[in-house]
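Notes follow once the structure below has been shown.
Computed from the coordinates by the stated procedures, all read-outs in this text should not be read as laboratory data. The shown structure was predicted, so the numbers you read here are calculated from the model rather than taken from an experiment. Note that we place each Cβ from the backbone using ideal geometry, even for glycine, and neighbour counts take in every protein chain shown.
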Amino acid sequence: MSYVTSEQFAQLLLQNGFAERTKLQYPEDHAQITAGHYDPELHRRIFKYGKLFVIHFEQSQLRGVNGFFGFQSSALSIGQVKSILAYTKLPNHTKTAVHNRCQNILDLEKEYNRIKRREMTNLGITDQKILDIFESINLPEPASS
């Protein structure tokens, strides 16, 4: 099961600190969405976290933009969404380590799994922080589309 452009995913982003910026860039779409007529196949939405991290719902495509990464996909796995949310919750010094270890924000799940495999050894503060934050994120099952 995967997350796609949907009201469920939009609400999940809002609940995790993202702010919707649709009204600024797509006022017509915002008016339709606010009136309760959101159709993921037709409308665009924008969600922003902090100063530079933006996720676009471009009809049925998801696109993420940040100085460190970018992604484009029609669907994101639960692990990929956890990667995005975990990244936003990491302290800045840990984010720097993630930049050095991962090619893309969606690779944070792979880094988590790598750390998890060697969990019994002494983990550094950075590895422990990645584990703790990744494991603290509980997501609902994506609604079937």
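With the largest listed first and rounded to whole Å, the semi-axes of the equivalent ellipsoid of the stretch 10-83 from the Cα gyration tensor are 20, 14, 12. Find the percent of Cα-Cα distances in the stretch 88-145 that exceed 14 Å, and round it to a whole number. That tail contains 58 percent of the Cα-Cα pairs. Listed by chain and number, the lysines whose C-alpha is less than 16 Å from the C-alpha of Lys95, apart from same-chain residues fewer than 8 away, are Lys51, Lys82, Lys110, Lys129. Once C-alpha pairs closer than 8 Å and six or more residues apart are averaged by separation and normalised to the residue number of the stretch 2-136, the relative contact order reads 19 percent. For Asn113 and His37, what is the calculated FRET efficiency with R₀ set at 30 Å and r taken between the beta-carbons, to the nearest 0.05? Step by step, r from the Cβ atoms, then E = 0.15. Looking at the P(r) of the chain, how many percent of alpha-carbon pairs lie beyond 24 Å? Tail fraction, whole percent: 32.
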